[in-house]
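Q: Can you read through this structure? Questions will come right after.
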Amino acid sequence: MGYPHPIHPKETPVLSKHFGEVAARTYAGWVERGGYAALRKALGMAPDDIINEVKASGLRGRGGAGFPTGMKWSFMPKDDGRPHYLCCNADESEPGTFKDREILRWTPHALIEGCAIAQLAIRAATTYIYIRGEFTEPYHILRRAVDEAYANGVLGANALGSGKRIDIVVHRGAGAYICGEETAMMNSIEGRRGNPRIKPPFPAVAGLFGMPTTINNVETLAAVPAIINGGAAWYSKLSLSSPKSAGTKLISVCGHVQRPGTYEITLGLPMKELIYDLCGGLHPGRTLKAVIPGGASVPIMTPEEVETCPTDYEGIVAHGSMLGSGGMIVMDDTTDLVYVIMRLARFFAHESCSQCTNCREGTAWTTRVLERLLAGEGKASDLDLLLDLAENMTGKTICVLSDSCAAPVVSGIQKFRADFDACLNGSRAVVTVGA
Amino acid sequence: MSTDMVSVTIDGVPIQVAKGTMIIEAAKQAGVVVPHYCYHPSLPSPAVCRMCLVEVEKAPKLMPACVTAVADGQVVQVNSPVAKKAREGVLEFLLINHPLDCPICDQAGECELQDFVFQEGRWGSRYDDYPKRYAPVEDFGPDVLYVPNRCILCTRCVRFMESVAGDSVLEVYERGDRAFIGIDPEHALDHPWSGNVVDLCPVGSLISKDFLHKARAWELDKTASICPGCTQGCNMTIDTRDSAVVRLRPRPNLDVNRHFMCDTGRADYRWMNRGDRLEAPLWRDAAGVHACDWDAALDRLASLVAGADGAVVVLAGGRASCESIGWTLQLAGRRRRAAAMKVPMGIEAPIGLVPNLALRRERAANLEGGRLLGLSTDWVGAIALLPGTALAIVLDVDLDDADVLALEAAAHVVHFAAVLDPRMHGADLVLPIATLAEEQGVFVNRDQRAQRYLPAKSAPGMARPAWWIASQGWARAEANRRAPTTASEAFGMLEPFAGLTYRDLGLTGCTVGAGIAGAAR
């Protein structure tokens with residue numbers, strides 16, 4: 001459902017079927033809606049069968065990278081005698097992204113059930129759900145749901161009477177974007193400074209507390225019960241782009257559309273239909289200027305690219321960007337794109353963990369140059385400078401935060417050069433940027 | 001080729017290194033320095049400075065050399081255009097907020113940022129219109145100041161305190177370009193080994209109050225030495241400026257002190273610069289005290305020893321070299337009844353998380369060397385024997401009043417001293433000796449490791465190494481004796497070190513005595 005709007009005929013509600021139903025938040029309400037049937041089924045399955053089912057479904061990580069989930073699970077060692085951990089990444093802080101928030105708010109039990117099934121698959125007794133610090137309401141709802149799940153014997157030493165221990169710990173972040181990076185998140189859970197770690201070792205080898213760990217996004221895990229219930233074939237076929245991009249995806253659309261909201265689409269739905277049909281199109285009299293399809297870290301798309309682009313992993317890459325987290329920002333012709341890019345760069349400069357030189361200094365410098373451009377004090381060489389800084393910030397650091405800062409700058413200059421030139425030749429109003 | 005070795009090519013130089021070696025260390029063996037800041041061989045590597053990015057064949061992007069292990073057949077380019085461009089970018093980033101106050105910075109001349117920027121930084125900055133970040137200097141503890149403006153956030157200090165000292169009082173505070181190194185507000189940087197953060201800091205951000213504005217790095221002469229503070233035997237460098245010792249710093253020795261040195265040892269150099277040194281031999285007769293030349297002094301020494309009618313007691317200090325102790329005992333000869341070393345005791349201060357590295361309780365650098373040569377540690381017993389002793393030979397000891405009083409009971413006293421002790425007015429002969437900073441010698445540490453120290457400056461006046469004085473006196477006491485002519489010879493002629501030369505010891509020492517026997521077993 002295009003929460004908070006009624007379900008659009010072109011949506012494919014699987015995860016969002018119960019968005020807006022207050023009763024679905026409770027244990028009883030969830031069971032009424034068929035909840036925990038998948039967990040019961042999974043408790044009777046061998047771990048490898050669960051992994052194979054998820055592999056066959058084609059489910060890919062919904063947090064941004066799009067890595068096949070079943071394959072990620074299969075990297076976990078078997079019978080190594082060490083404790084394994086599952087981390088659920090609920091630190092949704094990517095600008096423009098608010099899909100996990102709706103899952104946490106409306107169907108927390110879907111997430112709990114998904115975590116429990118994933119734990120069985122990767123042989124982990126404990127899940128840490130790392131929830132974004134600013135998510136106050138979602139935190140309380142999730143907290144209550146976890147408590148209820150324990151009270152009803154779904155979680156605990158004897159999960160659903162199976163004799164297996166399934167624990168879920170809800171850990172609140174303190175408001176750092178970088179803690180959404182999986183290795184920084186593990187540091188944060190361990191009580192350390194939330195700095196990303198060097199890989200290798202990969203989390204499946206040495207992750208949380210040095211133990212084999214899998215990290216999955218909220219949406220990924222919430223989709224698992226549906227796959228176990230409906231079967232891999234059913235889930236895979238939900239997509240128009242099967243088998244490469246399988247299933248449904250929540251897209252949170254914001255910006256200059258008539259009906260911003262969280263829409264669940266079948267992957268492969270033309271982006272145009274998403275914007276013009278589901279979201280009701282732009283406001284009257286406006287034309288499309290740019291779209292950021294997958295959260296602030298991905299390159300910006302032009303209207304021409306949007307025109308023919310299917311909304312799936314491969315399609316968006318072919319059209320010059322990435323699906324990312326599915327946080328779509330739509331901008332019409334009233335948008336000052338240089339300002340938007342400056343605002344994004346400033347966000348990354350603020351959130352850089354400061355570990356790597358290139359990111360710490362590069363993000364801040366990039367922001368200052370963009371501010372100078374907006375203030376009408378730019379120099380002719382500034383665009384080359386920005387591109388050179390972007391090159392020095394791409395592929396040079398431990399995590400991809402600095403790459404994320406560089407991506408909109410590079411794509412902005414390449415695709416919307418006229419906006420930048422307008423800053424330089426004085427043909428636009430000066431914007432003084434407050435701190 | 002052993003299966004534990006792999007072959008790699010670094011900048012065209014083929015080498016074989018042990019499996020698991022990081023590229024940065026393999027490159028050192030190939031004679032290639034990979035510029036770096038956060039990496040330090042004695043600390044865990046966080047790979048955050050991004051300076052050591054190198055081109056590895058077939059890798060999709062540049063790899064950090066400090067955390068990338070070598071693989072067989074790997075081809076690494078440290079100085080390719082791509083890697084150089086990346087380093088140039090990092091250096092430019094580091095410099096946008098780094099003040100160019102090198103003219104007043106203590107680190108200038110030994111600053112890794114300065115060095116690499118001169119080597120391969122870009123000419124001029126493109127960060128031209130903005131002021132640099134500013135924060136005031138902070139007092140971190142007894143000897144350490146933090147200059148945040150110069151900090152490049154390599155975090156070596158944080159990692160040293162956390163992973164080596166085990167006292168995590170430092171941490172990175174804030175994020176982004178606002179980040180700085182902060183100290184726990186409830187604590188000071190007063191760990192007994194915390195001074196090492198000053199050496200570890202690649203720039204002039206953590207500086208020593210003691211050394212502040214004392215010298216420019218390029219004015220310093222550096223001499224390999226051994227810390228005389230305790231039985232650990234940390235390798236150190238004596239930095240002298242115009243023949244004055246201005247700083248002691250650790251010298252790497254992975255088997256003894258890795259790259260570290262305690263604050264007690266570091267601070268203990270002022271005695272090397274004393275201006276009231278004894279500059280000529282003094283002898284006493286009924287008419288009073290007379291200065292004399294070495295010829296006369298050595299004759300007197302020989303006749304005092306030869307004429308000693310009865311027992312001889314040797315009292316030595318913990319800083320006396322093996323050569324000096326050995327030849328003093330030789331001088332005392334067969335009439336020696338007791339020979340003891342005075343071992344001051346202190347509090348043991350381990351570094352924390354490095355095994356077998358501590359400021360030891362026994363504050364006598366050459367305790368083990370003395371034992372090998374025949375000294376006991378029964379100081380009280382030796383003092384008790386003084387009444388009725390014909391000759392007491394005192395070798396560079398910090399005497400207390402009771403010791404001085406007891407020495408008055410000996411018939412004759414020969415005092416080897418660097419500084420005239422006014423309480424020892426009864427001594428028959430006072431011989432001016434060179435100190436640790438002025439002579440060559442060997443200390444044997446608690447693990448039976450014999451380690452050399454070298455002269456950092458010249459001895460004042462007529463002062464000579466004690467072994468030279470003792471061996472010359474010994475040779476004159478009887479015909480057909482030949483004294484050693486060099487320190488190395490003086491060392492090799494001693495029984496526990498027979499056959500060893502200074503060359504065998506090198507500058508990081510080797511195991512001797514029971515240690516050798518143990519190794520042979």
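Q: Other chains' Cβ within 10 Å of A:252-265 residues: what's the mean?
A: 0
Q: Here's a follow-up. Write down, largest first, the equivalent ellipsoid semi-axes of the protein assembly as shown in whole Å, where each equals the square root of 5 times an eigenvalue of the alpha-carbon gyration tensor.
A: Ellipsoid semi-axes (Å, largest first): 73, 32, 23.
Q: Rounded to whole Å, give me the distance from the Cα center of the range A:157-195 to that of the range B:157-195.
A: 27
Q: Identify the trypsin sites (Lys or Arg not before Pro) of the range B:358-436 meeting these criteria: DSSP loop state and at most 16 other C-beta atoms within 10 Å of the C-beta.
A: B:Arg361
Q: If you don't mind, another one. Kindly list the residues of the range A:398-435 that lie in the label zone of A:Ala380, defined by a backbone N under 19 Å from the point 7 Å along the Cα-to-C-beta vector.
A: Hits in the range A:398-435 for A:Ala380 at 19 Å: A:417-428.
Q: Also: Per 0.36 nm of contour for each residue apart, how much would the distance between B:Glu88 and B:Glu408 grow if the chain were fully extended, relative to their Cα-Cα spacing?
A: Taking 0.36 nm per residue and subtracting the Cα distance, the gain is 108.1 nm.
Q: Any idea what diffusion coefficient chain B gets from Stokes-Einstein, in µm²/s, Kirkwood Rh on alpha carbon pairs, 37 °C, 0.692 mPa s?
A: 128
Q: Turning to a different aspect of this structure: Given labels modelled 7 Å from the Cα in the Cβ direction, how far is it in nm from A:Ala46 to B:Asp139?
A: Roughly 7.0 nm, to one decimal.
Q: Still on this structure: Any idea how far the Cα center of the range B:212-279 sits from the one of the range A:76-139, in Å?
A: The distance from the Cα centre of the range B:212-279 to that of the range A:76-139 comes to 56 Å.
Q: Something else about it: In whole Hz and in residue order, list the ³J(HN,Hα) couplings for the range B:99-114 that follow from phi through the Karplus curve 6.51 cos²θ - 1.76 cosθ + 1.60, θ = phi - 60°; x for Gly and Pro.
A: x, 8, 9, 3, x, 10, 9, 4, 7, 3, x, 9, 9, 6, 5, 4
Q: A further question follows. Could you tell me the ratio Rg/Rh of the range B:282-520? Both radii from Cα atoms, Rh via Kirkwood.
A: Dividing the radius of gyration by the Kirkwood radius yields 0.97.
Q: Roughly how many debye, to the nearest 20, is the charge dipole of the range B:102-273 about its Cα centre, given +1 on each Lys and Arg Cβ, -1 on each Asp and Glu Cβ, and no other charges?
A: Dipole magnitude for the range B:102-273 comes out near 360 debye.
Q: What FRET efficiency comes out for the pair B:Asp378/B:Asp309, r = Cβ-Cβ distance, R0 = 22 Å, nearest 0.05?
A: 0.35
Q: Right, another one. So for chain B, averaging the separation of alpha carbon pairs under 8 Å that are six or more residues apart and normalising by length, what relative contact order in percent results?
A: Relative contact order comes out at 11 percent.
Q: Which far-off residues, 5 or more places away or on another chain, put their amide H under 5 Å from the one on B:Leu359, with H placed in the peptide plane?
A: So B:Leu359 has HN proximity to B:Ala349, B:Ile351.
Q: Another question, if that's okay. If the cut-off is a Cα-Cα distance under 23 Å, which lysines reach A:Lys237, setting aside same-chain residues fewer than 8 apart in sequence?
A: A:Lys10, A:Lys17, A:Lys41, A:Lys55, A:Lys72, A:Lys99, A:Lys249, A:Lys272
Q: By the gyration tensor of its Cα atoms, with a ≥ b ≥ c the square roots of the eigenvalues, what is the shape of the range A:312-392: rounded for a/c under 1.5, prolate for a/b over b/c, or oblate?
A: oblate
Q: For the range B:102-273, what size does the Cα cloud have along each of its three principal axes, sorted from largest down, in whole Å?
A: 53, 38, 27 Å, listed from the longest principal axis down.
Q: Another question about this same structure. May I ask for the equivalent-ellipsoid semi-axes of the range B:191-258, computed as the square root of five times each C-alpha gyration tensor eigenvalue and listed largest first in whole Å?
A: Calculated on Cα positions only, the semi-axes equal 20, 16, 11 Å.
Q: Using θ = phi - 60° and the Karplus form 6.51 cos²θ - 1.76 cosθ + 1.60, what ³J(HN,Hα) does each residue of the range A:362-371 get, whole Hz, x for Gly and Pro?
A: For the range A:362-371, the Karplus curve yields x, 5, 5, 5, 3, 4, 5, 5, 5, 5 Hz.
Q: Quick one: which residues, 5+ away or cross-chain, put their amide H under 5 Å from the amide H of B:Arg464? H built at 1.01 Å from N.
A: Amide H to amide H, under 5 Å and 5 or more residues apart or across chains, B:Arg464 pairs with B:Ile433, B:Ala434.
Q: Same structure, new question: Short version: ³J(HN,Hα) in whole Hz for each residue of the range B:25-35, in order, from phi by Karplus 6.51 cos²θ - 1.76 cosθ + 1.60 (θ = phi - 60°), x for Gly and Pro, what are they?
A: 6, 4, 5, 4, 5, 8, x, 10, 8, 8, x
Q: Can you give the charge dipole size of the protein assembly as shown about its Cα centre, rounded to the nearest 20 debye, using +1 on the beta carbon of Lys and Arg and -1 on the beta carbon of Asp and Glu?
A: Here the protein assembly as shown has a charge dipole of around 1520 debye.
Q: Report the gain in length on full extension from A:Ala418 to A:Arg144: 0.36 nm times residue separation, minus Cα-Cα distance, nm rounded to one decimal.
A: Contour length minus the Cα-Cα distance gives 93.5 nm.
Q: Which value, in debye to the nearest 20, gives the size of the charge dipole of the range B:66-109 about its Cα centre, when Lys and Arg are +1 and Asp and Glu are -1 at the Cβ?
A: Once rounded to the nearest 20, the dipole reads 180 debye.
Q: If I fit a long axis through the Cα atoms of helix A:337-351 and take the longest principal axis of the Cα atoms of chain A, what angle between them do I get, 0 to 90°, rounded to 10?
A: With both axes taken from Cα atoms, the answer is about 50 degrees.
Q: Once the dipole of the protein assembly as shown is set up with Lys and Arg at +1 and Asp and Glu at -1 on Cβ about the Cα centre, which of A:Ser297, A:Gly207, B:Phe118 lies farthest towards its positive end?
A: Of the options given, the answer is A:Gly207.
Q: If you take the alpha carbon radius of gyration of chain A and divide it by 2.2 N^0.38 Å, what ratio comes out, to two decimals?
A: 0.99
Q: Identify, among B:Gln29, B:Thr9, B:Gly89, the residue whose Cα sits farthest towards the positive end of the charge dipole of the range B:5-90, taking +1 on the Cβ of Lys and Arg and -1 on the Cβ of Asp and Glu, with the dipole about the Cα centre.
A: The residue sitting most towards the positive pole is B:Gly89.
Q: So who's got an amide H within less than 5 Å of the one on B:Val419, skipping anything under 5 residues away but keeping other chains? H placed 1.01 Å off N, in plane.
A: For B:Val419, the qualifying residues are B:Leu278.
Q: Nearest 0.05, what FRET efficiency do B:Val13 and B:Ser163 give at R0 = 41 Å with Cβ-Cβ as r?
A: Between B:Val13 and B:Ser163 the formula returns 0.80.
Q: Moving on. With the other protein chains left in place, how much accessible area per residue, in square angstrom, belongs to the protein assembly as shown at a 1.4 angstrom probe?
A: Per-residue accessible area for the protein assembly as shown comes out at 38 Å².
Q: If you keep only loop residues by DSSP, which trypsin sites (Lys or Arg not before Pro) in the range B:1-96 have at most 12 other Cβ atoms within 10 Å of their Cβ?
A: Sites meeting the loop and neighbour criteria: B:Lys58, B:Lys61.
Q: Among the chymotrypsin sites (Phe, Trp or Tyr not before Pro) in the range B:134-227, which ones are in a DSSP loop with at most 12 other Cβ atoms within 10 Å of the Cβ? Mind listing them?
A: Answer by residue number: B:Tyr134.
Q: Using r as the Cβ-Cβ distance of B:Asp115 and B:Arg241, and R0 as 25 Å, what FRET efficiency do you calculate, to the nearest 0.05?
A: 0.75
Q: Right, something else. Roughly how many Å is it from the Cα centre of the range A:337-360 to that of the range A:5-63, as a whole number?
A: 36
The values are calculated or read from the model by the stated rules, or taken from the named source; none is laboratory data. These numbers come from a predicted model, not from an experiment. Cβ atoms come from the backbone with ideal geometry, glycine included; neighbour counts cover every protein chain shown. Accessible surface areas use protein heavy atoms only, side chains included; no ligands, DNA or RNA. Shrake-Rupley method; radii C 1.70, N 1.55, O 1.52, S 1.80 Å.
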